[in-house]
Amino acid sequence: MSEYKVRKTESSKLRDRLNHPVIDTDGHILESPLVLADYVKKIGGADMVERLFTRVGGFNRGPGAPKRVPWPIFTGAHTIDQATYMLPRLYARRLEEAGVDFSTLYPTLGFRCQTIEDDELRQVACRALNTMYADVFREVRDRMTPAAVIPMNTPDEGIAELEFCVKELGLRALMTANEVRRTPKLILEQAPQLAGKLDEYCSLTIDSPYDYDPFWAKCLELKVVPAGHSMPFSGTHNSPFNYIYNRLGFWMTYGHAAARGLFLSGTTQRFPGLNFAFLEGGAWCGVALYNDLVEFWQKRNMKTMMEYHDPANVDLKLMEEMVRRYGDDAISAERVMPDVHKEVRNARTPSGEVPGFVNDWTTINIQKKEDIRDAYVEPFYFGCEADDSLNYTAFNARGNKMGAKLKAMFSSDLGHWDVKDMGGVLAEAWEQVEHGLITEEDFRDFTFVNPMTLQTRVNPDFFKGTAVEGAVASYMKGSAKAA
């Protein structure tokens, strides 16, 4: 049988014209359930295989599924593409057609493994999946690396799998969670028979029942970057009838929540050397959050709150005078002023202090708006699909507060239905240059610099032994000289 002949595509022709490599931050793997079953059996036994394939949605999809999922999840138009995403050696050979030099690959079945509610089954499934990845991608580490699937229901669980994947398997990229689904405490206490049937969103930062700081510290210690790419459809993305309704804004919703939690909890300040990635949600949600944070701080920092919004500053005499002069029988001083007095009194504690909950900035040290920029722009990276028409917003220094450019990263989504032709992804991303929305320098940041620094800021050796090692080393050397 002859070897597959790599074809010339619009993307590969574009790559030939670029003076820098292209690093893809989010391709996908189509795992074989049969191969995964072998690893689950080896790690957890035959009974665990039965539990996984009979109880977990996404392995056996049926008409009774509680929510509508994509049909199909992979591309069906090009048989060679579907085969590619299943076969690492073919995948590595064909990256050239996508115009990509190196790619980090994320799971398909792994999304389900990470969100299994059964603690034992979840941990066995993730361990099996990661072991399988380490084995099947061993020969192509120069062109691609699989992301280890890290279960995050507790910090200890995450740390255990993180240490195994890095120290034992040699994996260097992570897929963490933006959130965790848990059965509500009230259900566990009053209706335990409904456990696993009803769940709620739980942040890893704001209002979390666990302290995840030990996990972030372990990421720094092991020189790996947490990249959230979770997939538990829930809340407003949980229709059993319409997948598009579920999908629109889905990744953005979870990435936005995770980013604002990490920022407002002060996590980025406590771990200043650590980067965080939010995949597939696009740049525009990160842009909106960044600008909103600046605007909210300018109006709701404590100095401004006390100056403009402190009820103690209400001139009750003037208020009553205006009500008597311009009110009527419905809005009379006798009717409304008692409530006004009550609201002013209740705005303070009995001892006359401002309630502690008024200050939303106690967990992060923000003294000026530039502090927001520094704690947000440096560590946050946003994965953007090639055809996302709003990618340019990350580079819109004229529109973003303090002239910031956010760190948007080229994310092909190869392997899933969004990509109709493997050879078209890079060319699609280039259209924003052709339309004058971004510069060629922005495109270089989008496809090379940002995907590179996502990893090298934490682990300078991340790309050693890969096809982009030389270009990365050259860039880092130049940056060091410039500094």
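At-a-glance table
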| read-out | value |
| --- | --- |
| All positions within the stretch 156-199 that are touching a Gly at 6+ places or on another chain (Cβ under 7 Å), at pLDDT 95 or above and among the small types (Gly, Ala, Ser) | none |
| The one condition in (1) more than 28 Å from Arg93 (Cβ to Cβ); (2) at pLDDT 95 or above; (3) loosely packed, with under 15 Cβ neighbours inside 10 Å that Ala394 fails to fulfil | (3) |
| Qualifying residue in the stretch 409-418 (condition: open to solvent by 20 Å² or more (accessible area, probe 1.4 Å), of a type outside the set (Val, Ile, Thr) and not in a helix (DSSP H, G or I)) | yes |
| Filtered residues of the stretch 352-380 (kept if outside any loop (DSSP other than H, G, I, E, B) and among the charged types (D, E, K, R)) | Lys369, Glu370, Asp371, Arg373, Asp374 |
| Pick from the stretch 318-369, criterion more than 30 Å from Gln269 (Cα to Cα) and of a type in the set (Asp, Glu), ranking: least open to solvent (accessible area, probe 1.4 Å) | Glu320 |
| Single condition Ala77 does not satisfy, out of (1) of a type outside the set (Val, Ile, Thr); (2) at pLDDT below 95; (3) outside any loop (DSSP other than H, G, I, E, B); (4) open to solvent by 10 Å² or more (accessible area, probe 1.4 Å) | (3) |
| Subset of the stretch 137-155 (residues that are touching a residue at least 12 places away in the same chain (Cβ under 8 Å) and charged (D, E, K, R)) | Glu139, Arg141, Asp142, Arg143 |
| Breaking point among (1) open to solvent by 50 Å² or more (accessible area, probe 1.4 Å); (2) acidic (Asp, Glu); (3) modelled with pLDDT of 95 or more, for Asp387 | (3) |
| Of all residues in the stretch 87-117 being acidic (Asp, Glu) and not in a helix (DSSP H, G or I), the one that is most open to solvent (accessible area, probe 1.4 Å) | Glu117 |
| Filter result (assigned to a helix (DSSP H, G or I), under 20 Å from Arg141 (Cα atoms) and open to solvent by 30 Å² or more (accessible area, probe 1.4 Å)) within the stretch 466-480 | Glu469, Gly470, Ala471, Ala473 |
| First in the stretch 446-462 and under 25 Å from Asn396 (Cα atoms), second anywhere and surrounded by 20 or more Cβ atoms within 10 Å (Cβ to Cβ) and among the basic types (Lys, Arg), Cβ under 7 Å, 6 or more apart | Asn450/Lys407 |
| Any strands (runs of 3 or more DSSP E) falling wholly within the stretch 164-265 and containing at least 1 residues that are more than 30 Å from Phe137 (Cα to Cα) | 180-182, 200-202 |
| Residues of the stretch 448-465 classified as part of a loop (DSSP other than H, G, I, E, B) and buried (at least 19 other Cβ atoms within 10 Å of the Cβ), total | 3 |
| Subset tally (residues that are exposed (fewer than 14 other Cβ atoms within 10 Å of the Cβ) and part of a helix (DSSP H, G or I)) for the stretch 1-32 | 3 |
| The stretch 184-219, residues that are of a type in the set (D, E, K, R) and either within 19 Å of Ala160 (Cα to Cα) or touching a residue at least 60 places away in the same chain (Cβ under 8 Å) (or both) | Asp199, Asp211, Asp213, Lys218 |
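The values are calculated or read from the model by the stated rules, or taken from the named source; none is laboratory data. Because the structure is a prediction, the values reported are computed rather than measured. Neighbour counts run over all protein chains shown; Cβ positions are idealised from the backbone, glycine included. Protein only, heavy atoms only, side chains kept; ligands, DNA and RNA dropped before computing areas. Shrake-Rupley method; radii C 1.70, N 1.55, O 1.52, S 1.80 Å.
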